[in-house]
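See structure below.
The values are calculated or read from the model by the stated rules, or taken from the named source; none is laboratory data. Since the structure is predicted, the reported quantities are computational estimates derived from the model, not experimental observations. Cβ placement follows ideal geometry from the backbone for every residue including glycine, while neighbour counts extend to all protein chains displayed. SASA here: full protein model, heavy atoms, side chains in, ligands and nucleic acids out. Shrake-Rupley method; radii C 1.70, N 1.55, O 1.52, S 1.80 Å.
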Amino acid sequence: MNWTQMYDCRHLWSRPDDYLAPFRDLIAVEGHYHWSAVLGDFSDDFYQVACPHCAVEVTIAIGGYGRYSAIRDWNLGDVDRRELRPASPKGLSGLGRWMHATAVRDGEVVLADGITHLFGGAECPRCASVFNIADEYAASNRPLM
């Protein structure tokens, strides 16, 4: 762990009001720039992913409006909603496990819950296939190195 990571960890341990900013900084330091740029506080977060089976654009909602996948219609809003399938915290691995464990350790309950949904499954409203949200989002938004 370098000094920047140590500073950010100590800052997180102090449970600052701006918890999300240093949390995202640590994610970036670990090389996960796409997550550090888009991860929200799960009060009202929306992610767009393409279904890996039928390629329809699926809206993923995690927050105060619910936790669901849907087809977003300009006039009708989110239609054909399907409840998300959160990952079991014990089933998380890699970055998802680290993010969840850190949020739990620091008492960030809403963030930890949102992470289980983000790294869980979604059902496509068009073809009913189930896919991993984080995998599909990362595949289409990870910067080319």
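In nanometres, what is the gap between the two model label sites at TRP74 and ARG97, each 7 Å from Cα along Cα-to-Cβ?
4.5
In whole Å, what is the distance between the alpha-carbon centres of the stretch 20-46 and the stretch 74-145?
Answer, in whole Å: 13.
Which of the DSSP-defined H helices in the chain satisfy a minimum axial length of 24 Å, computed from C-alpha atoms, and a minimum mean Kyte-Doolittle hydropathy of -0.5?
Qualifying helices: none.
Could you give the radius of gyration (one decimal) and Dmax (whole number) of the Cα atoms in the chain, in Å?
Cα only, the chain: 15.7, 50 Å (Rg, Dmax).
Tally up the carbon and sulfur contribution to the accessible surface of the chain as a whole percent, 1.4 Å probe, everything protein left in place. Show your work: numbers first, answer last.
Values: 4200 of 7970 Å².
So the carbon and sulfur contribution to the accessible surface is 53 percent.
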